[in-house]
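Everything on this sheet refers to the single structure shown next.
Laboratory data are not the source of any read-out in this text; all were calculated from the coordinates shown. Everything numeric in this text was worked out from a predicted model, so none of it was measured. For neighbour counting, all protein chains shown are included, and Cβ atoms are generated from backbone atoms with ideal geometry for every residue, glycine included.
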Amino acid sequence: MTRSIQWSGLHNIGDLGDLPAAGDDTVCGRVFRLPRLNGLDEAGWDALLASGVRTVVDLRNDDEVTPLAAPAGVTVHRRPVEDQGDIAFARGHGARGHRHRLLARGNHDQFSSA
């Protein structure tokens, strides 16, 4: 099974179907992983809707999000998963990206301790 999906205007879209979950496998065509939706053009939104997507859960942090005009029938929920102020988290989970964000914001004291 190929997990690669093509929706016009985006790349790196994957169907998470057939992956192991608690006691069973995920169902194909039900859960997708993809980058920012802002790149979708009209044909891409049509393909997303034709795939049955009605709920988007956005896991990005506030500084990564730009306003999104989702079409009628699509609900977007924002649920950031990283605590960017938690240096201990950054040490164990992606400290490199965290350091870049801290440096870009000018928090040099935190950068040296991360």
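Rounded to the nearest Hz, the phi-derived 3J(HN,Hα) couplings of the stretch 64-81 under the Karplus curve 6.51 cos²θ - 1.76 cosθ + 1.60 (θ = phi - 60°) are 9, 9, 10, x, 10, 9, 6, x, 4, x, 10, 9, 10, 10, 9, 9, x, 10, where x marks glycine and proline. Positive contributions from Lys and Arg (+1) and negative ones from Asp and Glu (-1), summed over other residues with Cβ under 15 Å from the Cβ of L59, come out at -1. Rounded to whole numbers, the Karplus 3J(HN,Hα) couplings from phi for the stretch 47-61 are 5, 4, 5, 5, 7, x, 5, 10, 10, 10, 10, 9, 8, 6, 7 Hz, using 6.51 cos²θ - 1.76 cosθ + 1.60 with θ = phi - 60°, and x at Gly and Pro.
Most tightly packed first, judged by the mean number of other beta-carbon atoms within 10 Å of their residues, the peptides 21-32, 62-73, 5-16 read 5-16, 21-32, 62-73.
Over the stretch 1-81, what portion of Cα pair distances is larger than 19 Å, expressed as a whole percent? Intermediate values should be presented prior to the final figure.
Working: 1290 of 3240 pairs.
The calculated P(r) of the stretch 1-81 puts 40 percent of pairs beyond 19 Å.
Taking the Cα centre of the stretch 1-81 as reference, the dipole from Cβ charges on Lys and Arg (+1) and Asp and Glu (-1) amounts to some 120 debye. Model label sites at Q84 and N38, defined 7 Å from Cα along the beta-carbon direction, differ in position by 1.3 nm.
For the listed peptides 50-61, 35-46, a ranking on the average number of other beta carbons within 10 Å per residue, highest first, reads 35-46, 50-61.
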